[in-house]
1. For Ile207, which sequence-distant residues (separation of 5 or more, or a different chain) have an amide H within less than 5 Å of its own amide H, given hydrogens modelled in the peptide plane?
2. Points 7 angstrom from Cα along the Cβ direction at Glu60 and Leu133: gap in nanometres?
3. Looking at this model, which pairs from Lys206/Lys254; Lys32/Lys113; Lys113/Lys222; Lys7/Lys69; Lys69/Lys206; Lys165/Lys263 are more than 31 angstrom apart at the alpha-carbon?
4. Can you give me the long-range amide H partners of Ala137? Hydrogens built in the peptide plane at 1.01 Å from N, cutoff under 5 Å, separation of 5 or more residues or another chain.
5. Between Ala338 and Leu269, what is 0.36 nm times their sequence separation minus the Cα-Cα distance? Round to one decimal in nm.
Amino acid sequence: MVNKMEKNRDFSGYPDDLRKAAEQADEEVRKKISSGESCILPGQCGTPLNEPLGDYDPVECEEVYPSQKELHCRHRISFLRDRNERSHFSGYGGRGSTTAGAIDIVVGSGGNKPKHRQKVGPNFFTDAARIYLSQRADIDQYLDLPFGQSTGLQASENRSAIAIKADAVRVVGREGVRIYTNPSTPTNPSIVASDAVNETSSRGGKIESNGPDRGIHLIAHKATGTYTALNPIIPGRKGAPFQYTINRLQPMVKGDNLVILLKEIIGQLQDIVTWTQNFTNSQMSFNSYIANHTHQVASASPGIATPSPEAVASYLQELVGQINNHVTVATIKKYDFAEVERVFLEPTGEINILSRYNKTN
């Protein structure tokens, strides 16, 4: 057990004298354990542990728990006004804004190797884990998240916010997890909304709910913007571009609508196969008749036997009918495919397969 703990105990943030004392105390315990004595290292089994910890620098209005100030860089709950950096001028609280209350729940200030009693403040990048609630904040800026015209994402500015950040974040629901955006502002007029439809933003303004970047976005590695890709089929169909400009952040596919589209395409292709097969069968029958036809020729006028004009006319009439039918059907199908494209693939289509609001990379 001690060997496993060695990798997880680091006193390098102490001044040399305190570091040597802590390391020597650990070594003495290890020797006792090796000799068979029953004992534990300081901190094991929930016992007190002295370790390098920074010195948290609160602002004047801030109330911090627990009461032992020397532990505030290990864990703290701060009640304050919006603040995202050590500077007392940071955030809307630092600017003196009203209605900027905040609660900051933090563990592990000062990074993975904190310097003992070094002055630290909130740091959204080096603090180990945080849940941050603010009445008004520029939360995307605080977390250095992608936004702007090049990303297709609008920043949350001067808005209430909740941020959760850690090495690993898990949301577990025993009976399901639901994530909603704009639940009180339905975009479909047929949806009967409650009185909450009159809800405003935390700033008292209209909730901006209908923009293309107002849904749920799953973004890994901050990968946004565009990239180019060559058309893999060169030359491709008529009018196909040589290369495509592709958004990294793309609308999610709506599965039910996609299934409807694929079934429609399969049905259209099956119709085309059937019509082609019918035409081929008619052509093969005609070819077979021509190839195998024989009849007697009067001896007074010897020559090569030819098919009966009546039979040829009958087969030709069938072929002409098939061709006319195929021309008509092809015209209809051309319209059908254009309509399928409009309904399923255009943003305004009734059964568009892409989500208007929810995107992922």
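Bear in mind that the values in this text are calculations on the coordinates, not laboratory data. Given the structure is predicted, the values throughout are model-derived calculations rather than measurements. Every residue, glycine among them, receives a Cβ derived from its backbone with ideal geometry; neighbour counts consider all protein chains shown.
1. Those lying under 5 Å, H to H, from Ile207 are Ser201.
2. Here the answer is 2.7 nm between the modelled labels.
3. Details: Lys206/Lys254 29 Å; Lys32/Lys113 28 Å; Lys113/Lys222 26 Å; Lys7/Lys69 27 Å; Lys69/Lys206 42 Å; Lys165/Lys263 43 Å.
Distance filter (> 31 Å) returns Lys69/Lys206; Lys165/Lys263.
4. Asn158, Arg159, Ser160
5. Extending this stretch completely gives an extra 23.4 nm.
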